[in-house]
Amino acid sequence: RLLYYDESCTALDRALAEVRRRARPGDVMATSVPHWAFLRTGVDAILPPMEADHDEARRLLDAVPVRFVVLDEFGYPEIARRYAAPAVEGQAGVWEQVFRTDDGLARVYERR
């Protein structure tokens, strides 16, 4: 067995398919696995800011600008849970959840 691929990876692939469906040329997404996301979608991808200050993380996402934030439930180092999720969740005027897998293991937020 060369790769570890479990239900969290399957969920992420479904979320990335949604990004691919919605994306337009020039869009950028933030995700904990930008290399994988780019290969799966062709959409430019970056790591979310690893910034504990949520306001600063939002400012950094705005500076790129990032259109999609993909949240996953991968284990350590929990980039999505620790950094990306607090920057977009609860920001209804700026970020809208546009996709969630049935098991909740992956979500996609899109800038409004």
For this session: Among what's in region 32-74 and is without any contact (Cβ under 8 Å) to a residue 60 or more places away in the chain and among the aromatic types (Phe, Trp, Tyr), pick the residue that is least open to solvent (accessible area, probe 1.4 Å).
Result: PHE68
For this session: Would you point out the residue of region 78-99, among those that are in a loop (DSSP other than H, G, I, E, B) and of a type in the set (A, V, I, L, M), that is nearest to PRO25 (Cα to Cα)?
Result: VAL94
Problem set entry | Boolean, ASP102 is at pLDDT 95 or above, assigned to a loop (DSSP other than H, G, I, E, B), exposed (fewer than 14 other Cβ atoms within 10 Å of the Cβ) and of a type outside the set (Lys, Arg) | yes
Exercise. Any residue at all in region 63-86 that is among the basic types (Lys, Arg) and closer than 20 Å to GLY104 by Cα?
Worked result: yes
Seminar exercise, completed: Flagged in region 1-31 as without any contact (Cβ under 8 Å) to a residue 12 or more places away in the chain, more than 24 Å from GLN91 (Cα to Cα) and open to solvent by 100 Å² or more (accessible area, probe 1.4 Å), in numbering order, are ARG1, LEU2, LEU3, TYR4, TYR5, PRO25
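The values are calculated or read from the model by the stated rules, or taken from the named source; none is laboratory data. Not measured: the values here are computed from a predicted model. We place every Cβ from the backbone using ideal geometry, glycine too, and count neighbours over all the protein chains shown. Note: areas computed on protein heavy atoms with side chains; ligands, DNA, RNA excluded. Shrake-Rupley method; radii C 1.70, N 1.55, O 1.52, S 1.80 Å.
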